[in-house]
Amino acid sequence: MLLTAGIDVGSNAVKAVVLEETSAAPRILGRGKLKVRGGELDEVVRAAFELALASANVRESELAYIATTGEGENVPFRTGHFYSMTCHARGGLHLVPDALAALDVGALHGKVIRMDPRGKVLGYRMTSQCASGSGQFLENITRYLGISLEEIGPLSQRGAHPEAVSSVCAVLAETDVINMVSRGISVPDILKGIHLSMAGRLLRLVRSAGAEGRVVVTGGLAADTGLLAAMAESAGELGIALDLVAQPDSAYAGAIGAGIWGAYRQRKLTASAGSA
Amino acid sequence: MQQLEPLIARCRDLVEDLDLANVKAWKAAHPRGIAIGYLPIYAPREIVHAAGGLPVGVVGAGEELEIVRGDACFQSYICHLPRSVIELALTGRLDVLEGMIFPSTCDVIRNLSGIWKLSFPGKWTHYLDLPQNFEPEMGGVFYRRILHEMYAELCAMTGLAPDTECLRASVRLFNENRRLVGDLYAARAAEPWKFGAKDSYLVLRAGLVLPVEEHTTVLREYIQLCKARDVRPLDNARIALRGAFCEQPPLALIQTLERAGCYVVEDDFLPMLRWPSADVSEQGDPLDALVTSWLATPCEAASRFVKDGSEKGCTLVDSTREAKAEGVIFATPSFCDPALLDRPMLQAALQRSGIAFTSFKYAENTGQMQPIREQAGTFADSIKLWGEA
């Protein structure tokens, strides 16, 4: 029984999983997720990792490989680090085995990653430095609107007359939203407008990456039902054949992918040490 | 023996000190001594040392110096190194040097020597025309004459008489230094987790401004201290780095490669410290020995002519395998003609040998590391996940 851990250090949250390799698909034994919130990153990483260990009822010493991804290049107790696209591709495939691409929407960036059935990255596209298609932007908006993150999706889906929001720049988009609030536009319509703007941006990315068919949504915004609904609506209008699928563990996709690659590397290293 | 952290910190201070305080201190302690600068990629440091001089490697100003006057001398399609060298000189930072050696590395360095002569007519300036004919009767005779003249001119500046034993003693010192440089590379290839690429680079680069005797001590201590470190190996990709033999990358670039999951187990930074590839003979006439070493035991370099094109890249393949590197990263300064023209031939040799590679460009003042981080990270992943090992 090979046990590994994957830790995805994001700009907004640290996600950790403990995995057990089985003869079929790897099994997730435990999870840990903590917001960074300006605390000492090393401590947040350690705490999220401990949470995952505790929920898996596994000791650190039992792990064969601790893999990091995202900003986890300097985690001192790592065995190895994998690049985030590599991990989201593999993690996405674990969650949706017949996916042809992963759409990773995190706090700062949106990425579309095309992969083969082994999880090998075939190509990718990424949003530019502007954060208007990202979770951080959405989190800022919730503060202006005085709502919680969990409320965004259900409220957005109630929007009947969405207001157009700048899809180019987060600063302009935030200004748009402040203006809408003072003009008395309803919160559902504002949110729906934001989601449609983000959806348009992400769909352009999907198209430019050449992704189609079944696409697994990963990253923190996979839980935003409003965004997924807006994407499905916009894809239909644009004639893009997309089947977007999110899973309850989508936010952990990077960590899951890291843990799976860690197990793969461990087997490879053991085999190469055995043959040497 | 000093501790590792202070040793690295001292080397970093030396590398980052654009005012060459260490050279000034050496001159204060050696009133008859002269400091002679030299540019990449090779200069016969033994000659300067034997004449009572301190050879000082000048490899640009990195990212710290704003280029104001240097840009006026070179077109936009010229690499960054000559701009920062001129900037250093015109701002008085190289005043401590009595002279300068410009090796025939490329057209840009040749032009730089011309600009230098015009800017500093009173300084001793030597354009070192390294022969590309490697026949002893032709290139050898030519090169010996050059070395003989250079030695005589430098001795005239210090008041010492050219002396065979003195030159032989210098050859011995630089042989010892190069052997330790080789030991450091070998030790790092064996246990890269103990020898950080950035720290090793700093320790090596300190050799551009330290007296050779002192640098040899630093190298010896660094190797011992690193070997004794209790560091856990990481599952990183082992890579060799090529193309950075003249204009040096910013430290952040080396650090970025390490953080992206790469162990740099072989590189071509600072070739002047590794050239020639074997000991210079300590027997017979030392000038003849230096000539023979240039002709017969070179390092592979873009600036050195290879008659048989099929040999191009063979040394890279060999050194990659010897260091057990799993892939090669070509990190090349923008507009570096020798490196960029060589790269397709080197890549072809790697391809024939089934060695993975990737490539990107940098300048000594590159500040944005994110694209390099992404490229190096995905390259490391592809080696680890889809490579043979």
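The values are calculated or read from the model by the stated rules, or taken from the named source; none is laboratory data. Values in this document were obtained by computation on a predicted structure and should not be read as measured data. For neighbour counting, all protein chains shown are included, and Cβ atoms are generated from backbone atoms with ideal geometry for every residue, glycine included. When the accessible area is computed, the model is the full protein with side chains, heavy atoms only, and any ligands, DNA or RNA have been set aside. Shrake-Rupley method; radii C 1.70, N 1.55, O 1.52, S 1.80 Å.
Numbers for the structure displayed
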quantity	calculated
So B:GLY261, is it modelled with pLDDT under 95, more than 16 Å from the chain's Cα centre (by Cα), at positive phi and not β-branched (Val, Ile, Thr)	yes
Selection count, the range B:280-303, where residues are within 18 Å of the chain's Cα centre (by Cα), open to solvent by 30 Å² or more (accessible area, probe 1.4 Å) and either of a type in the set (A, V, I, L, M) or modelled with pLDDT of 95 or more (or both)	0
Near pairs, Cβ below 6 angstrom, 6+ apart or cross-chain, from the range B:196-223 (within 17 Å of B:TYR263 (Cβ to Cβ) and open to solvent by 10 Å² or more (accessible area, probe 1.4 Å)) to any residue that is part of a helix (DSSP H, G or I) and of a type in the set (S, T, N, Q)	B:LYS198/B:GLN255
Residue count for the range A:105-122, restricted to those that are open to solvent by 20 Å² or more (accessible area, probe 1.4 Å), more than 10 Å from every other protein chain (Cβ to nearest Cβ) and outside any loop (DSSP other than H, G, I, E, B)	3
Every residue from the range A:173-202 that is within 18 Å of A:VAL105 (Cβ to Cβ) and over 26 Å from the mean Cα position of the chain (by Cα)	none
Of all residues in the range A:223-273 being in contact with an Asp or Glu (Cβ under 6 Å, 6 or more places away or on another chain) and crowded, with 20+ Cβ neighbours inside 10 Å, the one that is nearest to the other protein chains (Cβ to nearest Cβ)	A:ARG265
Count - residues of the range B:359-383 that are within 14 Å of another protein chain (Cβ to nearest Cβ), open to solvent by less than 40 Å² (accessible area, probe 1.4 Å) and not in a helix (DSSP H, G or I)	1
Subset of the range B:127-173 [assigned to a helix (DSSP H, G or I) and of a type in the set (S, T, N, Q)]	B:THR158, B:THR164, B:SER170
Members of the range A:59-69 found to be in contact (Cβ under 8 Å) with a residue 12 or more places away in the chain and open to solvent by 20 Å² or more (accessible area, probe 1.4 Å), listed by number	A:GLU60, A:GLU62, A:LEU63, A:ALA64
Counted residues, the range B:169-186 - those being among the hydroxyl-bearing types (Ser, Thr, Tyr) and open to solvent by less than 10 Å² (accessible area, probe 1.4 Å)	1
Matching helices (runs of 4 or more DSSP H) fully within the range B:3-119 where at least 2 residues are within 30 Å of B:GLN132 (Cα to Cα) and touching a helix residue (DSSP H, G or I) at 6+ places or on another chain (Cβ under 9 Å)	B:45-50, B:81-90, B:107-119
Total residues in the range A:148-171, condition at pLDDT 75 or above and either of a type in the set (Ser, Thr, Tyr) or open to solvent by 80 Å² or more (accessible area, probe 1.4 Å) (or both)	8
Some residue of the range B:310-327 being away from every other protein chain (no Cβ under 14 Å), open to solvent by 40 Å² or more (accessible area, probe 1.4 Å) and more than 22 Å from the chain's Cα centre (by Cα)	yes
Pairs, first within 12 Å of chain B (Cβ to nearest Cβ) in the range A:85-104, second assigned to a helix (DSSP H, G or I) and among the acidic types (Asp, Glu), C-beta under 7 Å, six or more apart	A:THR86/B:ASP381
Cβ pairs under 8 Å, 6+ apart, first in the range A:142-165 and in the same structural domain as A:VAL177 (by TED's automatic domain parsing) and among the acidic types (Asp, Glu), second assigned to a loop (DSSP other than H, G, I, E, B) and open to solvent by less than 70 Å² (accessible area, probe 1.4 Å)	A:GLU163/A:ILE185
Verdict on A:GLU71 being under 24 Å from B:LEU234 (Cβ atoms), charged (D, E, K, R), touching a Gly at 6+ places or on another chain (Cβ under 9 Å) and within 14 Å of chain B (Cβ to nearest Cβ)	yes
Within the range A:74-83, tally of residues that are within 10 Å of chain B (Cβ to nearest Cβ) and either in contact (Cβ under 8 Å) with a residue 60 or more places away in the chain or part of a strand (DSSP E or B) (or both)	5
So A:ARG214, is it assigned by TED's automatic domain parsing to the domain that holds A:LEU108, open to solvent by 10 Å² or more (accessible area, probe 1.4 Å) and not in a helix (DSSP H, G or I)	yes
Matching residues in the range B:224-253 - criterion: being buried (at least 20 other Cβ atoms within 10 Å of the Cβ), within 14 Å of chain A (Cβ to nearest Cβ) and not in a loop (DSSP other than H, G, I, E, B)	B:ALA237, B:ARG238
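The rows are residues; the columns are (1) assigned to a helix (DSSP H, G or I); (2) in contact (Cβ under 8 Å) with a residue 60 or more places away in the chain; (3) assigned by TED's automatic domain parsing to the domain that holds A:ALA107; (4) not acidic (Asp, Glu).
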site: A:HIS195; (1), (2), (3), (4): yes, no, yes, yes
site: A:VAL206; (1), (2), (3), (4): yes, yes, yes, yes
site: A:ALA232; (1), (2), (3), (4): yes, no, yes, yes
site: A:TYR264; (1), (2), (3), (4): yes, no, no, yes
site: A:LYS268; (1), (2), (3), (4): yes, no, no, yes
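For every residue, the table says whether it meets (1) on the phi < 0 side of the Ramachandran plot; (2) surrounded by fewer than 18 Cβ atoms within 10 Å (Cβ to Cβ); (3) at pLDDT 90 or above; (4) among the aromatic types (Phe, Trp, Tyr).
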| residue | (1), (2), (3), (4) |
| --- | --- |
| B:CYS336 | yes, no, yes, no |
| B:MET345 | yes, yes, yes, no |
| B:GLN351 | yes, yes, yes, no |
| B:PHE357 | yes, no, yes, yes |
| B:LEU385 | yes, no, yes, no |
